[in-house]
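Everything on this sheet refers to the single structure shown next.
The values are calculated or read from the model by the stated rules, or taken from the named source; none is laboratory data. Just so it is clear, the structure is predicted and the values come from calculations on it, not from any experiment. Every residue, glycine among them, receives a Cβ derived from its backbone with ideal geometry; neighbour counts consider all protein chains shown. Just so you know, the surface numbers come from the protein's heavy atoms only, side chains and all, with ligands and any DNA or RNA stripped out. Shrake-Rupley method; radii C 1.70, N 1.55, O 1.52, S 1.80 Å.
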Amino acid sequence: MDLAIEAVNIVTAGVAVTWALHVCYGNRYARPLWEGHYDFLFPTVASARVDALVLEFARKGFDDLRLLKEHAWDRYLGLGVIDVKSAGVEDPALVAAHIHRALEVVPPERLMVNPDCGLRHLPAGVARAKLRAMVAGTAQVRQELGIRPPP
């Protein structure tokens, strides 16, 4: 982890943009390359010069959200709510439930909603349907919270 964070900090040094670090469980041939939890990231990832941590949760479950609270992650979280390794299309209500679970740990102003990873291994129609479900579930939560969508 120390070497990885050092590399991230070299890449991000002096570049005044918003940086997000995605930690992937692998997507080669739409199969995970490894299994596990995000414990290995903490507390070292806190020293990364990034604005957001983008993590997969849809396929692997949401138990690791606890790590953000335990380690006082105070930056953005990119919450993976779409399983890119399954052709099944998520129900918007399920997406909304996942978002609500994350809101127990991360305030809405620091939460970004996204698929677990890229959608390239899915048929285009399935990918679009999954993204529509993600948008609908997010809109549902925004409406419940009284948050206006961005312009």
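Dipole magnitude for the chain: computed about the Cα centre from +1 point charges on Lys and Arg Cβ and -1 point charges on Asp and Glu Cβ, it is near 580 debye. Each Cα pair under 8 Å and six or more residues apart adds its sequence gap; the mean of these over the residue count of the chain is a relative contact order of 23 percent. Which angle between 0 and 90 degrees, to the nearest 10, do you get for helix 2-12 versus the longest principal axis of the chain when only C-alpha atoms count? Approximately 80 degrees, to the nearest ten. Solvent-accessible surface of segment 57-151, taken per residue with a 1.4 Å probe and all protein chains present: 53 Å². Mean-square fluctuations from a GNM of the chain, with a 10 angstrom spring cutoff on Cα atoms, peak among 64, 74, 39 at 39. Wrap a convex hull around the Cα atoms of segment 23-151, take a quarter of its surface area, and give that in square nanometres. Averaged projected area of segment 23-151's Cα convex hull equals 8.1 nm². Run through the DSSP bridge list for the chain and note the antiparallel percent, rounded to the nearest 5. Given both bridge residues lie in the chain, the antiparallel proportion sits at roughly 5 percent.
A dipole drawn for the chain from +1 and -1 charges on Cβ atoms has a positive end, and of 18, 140, 126 the residue lying farthest that way is 126.
When the charge dipole of the chain is built from unit charges on Cβ atoms (+1 for Lys and Arg, -1 for Asp and Glu) and taken about the Cα centre, the candidate among 44, 112, 73 whose Cα reaches farthest toward its positive end is 112. Look at the dipole of the chain built from charges on Cβ: of 9, 86, 98, the Cα furthest out on the positive end belongs to 86.
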